[in-house]
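Reading through the structure tokens given below for one structure.
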Amino acid sequence: MIKKPGAPLDYIKNPLTVRLASASIGLWVISLFLPGIITNSTGKILPGYEILITGWLSPVAFNFAWYANPTYLITAISLFLGNTAPRSSLLAVVLGFDMFRLSELANSVGNHAIYGLGWGAIVWLTALLLMMAAAGVRQIEIRPIIWWEDRGYEWLKTVAFISLFIMLSVTAYLAIDDRLHSSNIPFWLTFER
């Protein structure tokens, strides 16, 4: 039997939603300790936790990727409380992909060009996409008991998995290509910009 929206998730009754959401949270936490952004001028490596602490200032650079984090956490809480969260999961992913627009980091000294993205950025995006897939699976699980106007977000699961496959394929290609054409790529750098 499927629980109604608002009932906390149970591993036995909703195993796929719980597994996807739990894996997503695990990856999100891991991304905090991996290099996220590497600057060009100083070679400074910004780990995920530093980006999480200072990223709320990103609108200064007209970038809103950091705001995927609170939206992501709202989605996670909603799913674990047994509610649906299709809109917030989609918004988190859209905001997260805004990371690719970021070309400079500003500080008190001046602007620093971004040299490349670390593995933490890819793990972070993977976490966002897995949470979107969990929200899509939750929609499928409760489809028989929700109002017709709340339906229609089942496609989130498919879009999340296709996006994840494309993102990881492109990342693998760029990472391998960068390493084949340059001998001085550090291992923590996913790919150069």
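Only residues that are in contact with a helix residue (DSSP H, G or I) (Cβ under 6 Å, 6 or more places away or on another chain) and modelled with pLDDT of 90 or more: list them for region 80-97, please. Outline the logic, then answer.
Taking region 80-97 first, the residues in contact with a helix residue (DSSP H, G or I) (Cβ under 6 Å, 6 or more places away or on another chain) are 84-86, 88-89, 91-93, 95-96.
Of everything in region 80-97, those that are in contact with a helix residue (DSSP H, G or I) (Cβ under 6 Å, 6 or more places away or on another chain) and modelled with pLDDT of 90 or more turn out to be S88, S89, L91, A92, V93, L95, G96.
Restricting attention to region 67-83, and to residues there that are polar (S, T, N, Q) and open to solvent by less than 50 Å² (accessible area, probe 1.4 Å), which single residue is farthest from W155 (Cα to Cα)? Outline the logic, then answer.
Filtering region 67-83 for residues polar (S, T, N, Q) gives 69, 71, 75, 78, 83.
Pick out the ones that are also open to solvent by less than 50 Å² (accessible area, probe 1.4 Å) and you get 69, 71, 75, 78.
Values: N69: 22, T71: 19, T75: 17, S78: 19 Å.
Per the stated criteria, the residue is N69.
Which ones in region 33-50 are open to solvent by 30 Å² or more (accessible area, probe 1.4 Å) and touching a residue at least 40 places away in the same chain (Cβ under 8 Å)?
Within region 33-50, F33, L34, N40, S41, T42, G43, K44, I45 qualify.
Of these, A61, A65, A135, A121, which one is of a type in the set (G, A, S), over 14 Å from L27 (Cβ atoms) and in contact with a strand residue (DSSP E or B) (Cβ under 7 Å, 6 or more places away or on another chain)?
Answer to the selection: A61.
If a residue must be in a helix (DSSP H, G or I) and open to solvent by less than 70 Å² (accessible area, probe 1.4 Å), how many such residues does region 54-66 contain? Give the steps one after another, and end with the answer.
The first filter runs over region 54-66 and keeps only residues in a helix (DSSP H, G or I), leaving 54-61, 65-66.
Subsequent filtering for residues that are open to solvent by less than 70 Å² (accessible area, probe 1.4 Å) retains 55, 58-59, 61, 65-66.
Total meeting the criteria: 6.
Within region 138-157, is even one residue touching a strand residue (DSSP E or B) at 6+ places or on another chain (Cβ under 8 Å), part of a helix (DSSP H, G or I) and among the aliphatic types (A, V, I, L, M)? I'd like the intermediate steps shown before the answer.
Of all residues in region 138-157, those touching a strand residue (DSSP E or B) at 6+ places or on another chain (Cβ under 8 Å) come to none.
Within region 138-157 (the criterion being touching a strand residue (DSSP E or B) at 6+ places or on another chain (Cβ under 8 Å), part of a helix (DSSP H, G or I) and among the aliphatic types (A, V, I, L, M)), the answer is no, since none of the residues qualifies.
For I145, only one of the following conditions fails: (1) within 30 Å of P186 (Cα to Cα); (2) exposed (fewer than 13 other Cβ atoms within 10 Å of the Cβ). What is its number?
So the condition that I145 fails would be (1).
The values are calculated or read from the model by the stated rules, or taken from the named source; none is laboratory data. Predicted, not measured: the structure shown is a model, and the values here were computed from it. Glycine also receives a Cβ, built like all others from the backbone with ideal geometry; neighbour counts cover every protein chain displayed. Accessible surface areas use protein heavy atoms only, side chains included; no ligands, DNA or RNA. Shrake-Rupley method; radii C 1.70, N 1.55, O 1.52, S 1.80 Å.
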